[in-house]
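Before any comments, here is the structure.
The values are calculated or read from the model by the stated rules, or taken from the named source; none is laboratory data. Computed from a predicted structure; not experimentally measured. For neighbour counting, all protein chains shown are included, and Cβ atoms are generated from backbone atoms with ideal geometry for every residue, glycine included. Heads up: the accessible areas ignore ligands, DNA and RNA and are worked out on the full protein's heavy atoms, side chains in. Shrake-Rupley method; radii C 1.70, N 1.55, O 1.52, S 1.80 Å.
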Amino acid sequence: MSFTLSLFHRQILFIDAAVSGVAGLLMVGGAPFLSPLLGLPENLLFWAGVALFPFVAFLTAVARRGQASRVVMIDIIAINGLWVAASFGLLASGAVAPTLLGYAFVAAQALAVALLSGLQFVGLRRTMANA
């Protein structure tokens, strides 16, 4: 069942797309420079950035369309949740040795994604309550 996205929901999706797009461009374009500063492998930064581009396109398409199903919105929230879990999991795994700035970078972007995901969840709950 499709529903019309509220202005709030569309704005959060566009903000998520913009933040993800900027992060992707920064990681792809800046991987050689960021790697030594963050203590994170250059390939990890590059490919994590590349992985964001299809997600940005998906978020933008959903927001522009103005219609979405509950499943699509849950998928977006889940993808964001997986990104947050993977980010903190990477830091806890010992697989990388980030600098203090690297820890801050990974944690800050994960917390930003968690906030956006939470706002998307609030929007979904409001929409479903009004349906």
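Could you tell me whether any residue of the range 66-73 is open to solvent by 60 Å² or more (accessible area, probe 1.4 Å), under 26 Å from Arg125 (Cβ atoms) and without any contact (Cβ under 8 Å) to a residue 24 or more places away in the chain? Among the residues of the range 66-73, at least one is open to solvent by 60 Å² or more (accessible area, probe 1.4 Å), under 26 Å from Arg125 (Cβ atoms) and without any contact (Cβ under 8 Å) to a residue 24 or more places away in the chain, which makes the answer yes. Entry remark, the range 74-129: residues being farther than 30 Å from Ser2 by Cα, in contact (Cβ under 8 Å) with a residue 60 or more places away in the chain and open to solvent by 30 Å² or more (accessible area, probe 1.4 Å) number 4 in total. Say whether the condition of being among the hydroxyl-bearing types (Ser, Thr, Tyr) and part of a helix (DSSP H, G or I) is met by at least one residue in the range 63-71. No.
Taken together, the residues in the range 29-62 that are of a type outside the set (Ser, Thr, Tyr), open to solvent by 20 Å² or more (accessible area, probe 1.4 Å) and part of a helix (DSSP H, G or I) amount to 21. Selection within the range 2-28: residues that are free of Cβ contacts under 8 Å to residues at least 60 places away in the same chain and open to solvent by 70 Å² or more (accessible area, probe 1.4 Å). The member of this set that is nearest to Leu90 (Cα to Cα) is Leu26.
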